[in-house]
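Chemist: What follows is a structure written as structure tokens; I'll ask about it next.
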Amino acid sequence: MLAHINGTEIYYEKVGKGIPIMVMHGGLGLDHTYFQPWLNALANKATLIFFDHRGNGLSARPDSFDDITHQTWIEDADALREYLGYDRIVLFGHSYGGFLAQDYALRFGKNLLGLVLCCTAPVIDYQDLILKNAKERSTPEQFAIVEKVFSQPIANDEEMREGWRTILPIYFFGSNDLYDPALGTMQDAHMVYSAAASNHGNFVTLPKFNALPRLGEIDVPTLVISGIDDWITPLAQGGKRIHDAIPNSQLVVFDKSGHWPFIEQKAYFRQVLIDWLARLIWIPSPCDQRNLP
């Protein structure tokens with residue numbers, strides 16, 4: 001469905017019922033479909049709101065990205081929350097979506113019930129390590145694409161599609177050795193790529209992103225998730241720094257996952273989310289005397 005908000009059209013889907021969870025995809029240049037069907041396993045516990053950021057997926061593409069910033073994208077997300085009639089939501093951000101989710105929490109924290117930051121980082125100040133990690137787990141063809149993504153714009157959507165399909169295996173636990181090609185085929189079947197969004201994110205907005213100095217201001221319950229074999233947002237530079245900086249946070253490390261724990265350890269991921277959500281929405285009754293003197 002399309003929401004007409006903030007002078008644009010934002011594509012969204014709602015699945016399930018229960019506590020509202022708005023899901024921010026990464027990339028940029030990808031779309032919400034890589035979460036499905038994996039996150040749909042939560043649909044009996046929550047209302048999942050999947051959407052494509054402005055200029056991504058099936059959302060409207062601007063004539064120019066020049067005026068689009070993180071503030072634009074998080075204002076779109078908050079406008080979508082209001083459009084759908086939710087006072088407060090749980091915000092789930094994965095990868096680049098986690099960068100946006102951190103900025104959202106810092107600006108619109110009053111509209112959050114909770115925050116989930118999955119395989120993301122508070123700042124990308126370790127690019128040399130990213131390239132080192134990529135080289136260690138890539139074929140020469142894959143590493144050449146990674147280097148290109150970090151150094152020059154992608155020419156068009158088809159080039160992005162071909163490049164993404166080539167490097168996708170290195171995002172999984174064990175890289176090429178354990179990768180199941182069927183996962184790439186499934187993801188590619190529904191993905192709408194946007195090279196323009198990817199270029200703008202990599203070369204314009206991401207270099208300006210740094211939530212680390214302000215993460216201590218986030219006071220909503222926060223679940224931080226990291227994959228032990230995640231080369232692009234490693235535990236030490238990603239989840240651990242976020243957890244250490246946000247007072248009311250829980251860190252869960254997935255021991256057989258790379259960048260996609262909701263795919264790679266789907267049963268455990270579902271249970272972690274359900275347990276965290278149960279604690280999030282639990283309200284003590286008048287008869288509960290456990291914390292009273």
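The values are calculated or read from the model by the stated rules, or taken from the named source; none is laboratory data. Only a predicted model underlies this, so the values are computations on that prediction, with no experimental measurement involved. Note that we place each Cβ from the backbone using ideal geometry, even for glycine, and neighbour counts take in every protein chain shown.
Chemist: Hey, among the residues in region 1-38 that are charged (D, E, K, R) and in a strand (DSSP E or B), which one's nearest to residue 281 (Cα to Cα)?
Modeler: For region 1-38, the residue satisfying everything is 14.
Chemist: Considering only residues that are aliphatic (A, V, I, L, M) and part of a helix (DSSP H, G or I), look in region 164-195 and name the one that is nearest to the chain's Cα centre (by Cα).
Modeler: Looking at residues that are aliphatic (A, V, I, L, M) and part of a helix (DSSP H, G or I), I get 168.
Chemist: Could you look through region 24-63, keep only residues that are among the acidic types (Asp, Glu) and farther than 19 Å from residue 183 by Cα, and pick out the one that is surrounded by the fewest Cβ atoms within 10 Å (Cβ to Cβ)?
Modeler: Quick first cut of region 24-63, residues among the acidic types (Asp, Glu) only: 31, 52, 63.
Pick out the ones that are also farther than 19 Å from residue 183 by Cα and you get 52, 63.
Details: 52: 25, 63: 5.
So the residue we want is 63.
Chemist: When you go through (1) loosely packed, with under 15 Cβ neighbours inside 10 Å; (2) among the small types (Gly, Ala, Ser); (3) in contact with an Asp or Glu (Cβ under 6 Å, 6 or more places away or on another chain) one by one for residue 195, which number turns out not to apply?
Modeler: Here residue 195 meets the rest and fails (1).
Chemist: How many residues, within region 227-248, are farther than 17 Å from residue 137 by Cβ, buried (at least 24 other Cβ atoms within 10 Å of the Cβ) and not β-branched (Val, Ile, Thr)?
Modeler: Qualifying residue count for the region: 1.
Chemist: Give the residue that is nearest to the chain's Cα centre (by Cα), with candidates limited to residues of region 249-260 that are surrounded by fewer than 22 Cβ atoms within 10 Å (Cβ to Cβ) and over 18 Å from residue 91 (Cβ atoms).
Modeler: At the first step, the residues of region 249-260 found to be surrounded by fewer than 22 Cβ atoms within 10 Å (Cβ to Cβ) are 249-253, 255-256.
With over 18 Å from residue 91 (Cβ atoms) added as a condition, the list becomes 253, 255-256.
Working: 253: 16, 255: 19, 256: 19 Å.
Residue satisfying both the conditions and the ranking: 253.
Chemist: Name the pairs whose Cβ atoms lie under 6 Å apart, with the first residue in region 185-200 and charged (D, E, K, R), the second in a helix (DSSP H, G or I), and 6 or more positions between them or separate chains?
Modeler: Cβ pairs passing all conditions: 188/165.
Chemist: Within region 233-282, take every residue that is closer than 19 Å to residue 19 by Cβ and basic (Lys, Arg) and give me the one that is modelled with the lowest pLDDT. I'd like the intermediate steps shown before the answer.
Modeler: Narrowing region 233-282 to residues closer than 19 Å to residue 19 by Cβ: 248-250, 252, 262, 269-282.
Still in the list and also basic (Lys, Arg): 270, 279.
Details: 270: 96, 279: 91.
The selected residue is 279.
Chemist: Taking the condition of being among the polar types (S, T, N, Q), closer than 16 Å to residue 100 by Cα and in a helix (DSSP H, G or I), how many residues in region 39-75 meet it? Steps first, answer last, please.
Modeler: We begin by selecting, within region 39-75, every residue among the polar types (S, T, N, Q); these are 40, 44, 47, 56, 59, 64, 69, 71-72.
Add one more test, that the residue is closer than 16 Å to residue 100 by Cα, and what stays is 56, 69, 71-72.
Imposing the further condition that a residue be in a helix (DSSP H, G or I) reduces the set to 71-72.
Residues in region 39-75 being among the polar types (S, T, N, Q), closer than 16 Å to residue 100 by Cα and in a helix (DSSP H, G or I): 2 in total.
Chemist: A further question follows. Are any of the residues in region 47-70 within 27 Å of residue 276 (Cα to Cα) and without any contact (Cβ under 8 Å) to a residue 12 or more places away in the chain? Break it down stepwise before answering.
Modeler: Applying the first criterion (within 27 Å of residue 276 (Cα to Cα)) to region 47-70 yields 47-53.
When the remaining residues are screened for being without any contact (Cβ under 8 Å) to a residue 12 or more places away in the chain, the result is none.
So far as region 47-70 goes, no, none of its residues is within 27 Å of residue 276 (Cα to Cα) and without any contact (Cβ under 8 Å) to a residue 12 or more places away in the chain.
Chemist: While we're looking at this one, here's another question. Among the residues of region 230-257, which ones are farther than 15 Å from residue 269 by Cβ, part of a loop (DSSP other than H, G, I, E, B) and either free of Cβ contacts under 8 Å to residues at least 60 places away in the same chain or not small (Gly, Ala, Ser) (or both)? Write out each step before concluding.
Modeler: So the first thing to find is which residues in region 230-257 are farther than 15 Å from residue 269 by Cβ, and the list is 231-238, 240-249.
Among the residues that remain, those that are also part of a loop (DSSP other than H, G, I, E, B) are: 231-238, 246-248.
Across region 230-257, the qualifying residues are 231, 232, 233, 234, 235, 236, 237, 246, 247, 248.
Chemist: Only residues that are within 29 Å of residue 18 (Cβ to Cβ) and touching a Phe, Trp or Tyr at 6+ places or on another chain (Cβ under 9 Å): list them for region 43-55, please. Reasoning before the result, please.
Modeler: Narrowing region 43-55 to residues within 29 Å of residue 18 (Cβ to Cβ): 43-54.
Within region 43-55, 47, 48, 49, 50, 51, 52, 53, 54 meet the criteria.
Chemist: Among the listed residues 87, 78, which satisfies the condition of being assigned to a loop (DSSP other than H, G, I, E, B), closer than 20 Å to residue 5 by Cβ, among the acidic types (Asp, Glu) and out of contact with any strand residue (DSSP E or B) (no Cβ under 7 Å at 6 or more places or on another chain)? Before you say what the answer is, go through the steps one by one.
Modeler: Working: 78 fails: assigned to a loop (DSSP other than H, G, I, E, B).
Going through 87, 78 in turn, just one is assigned to a loop (DSSP other than H, G, I, E, B), closer than 20 Å to residue 5 by Cβ, among the acidic types (Asp, Glu) and out of contact with any strand residue (DSSP E or B) (no Cβ under 7 Å at 6 or more places or on another chain): 87.
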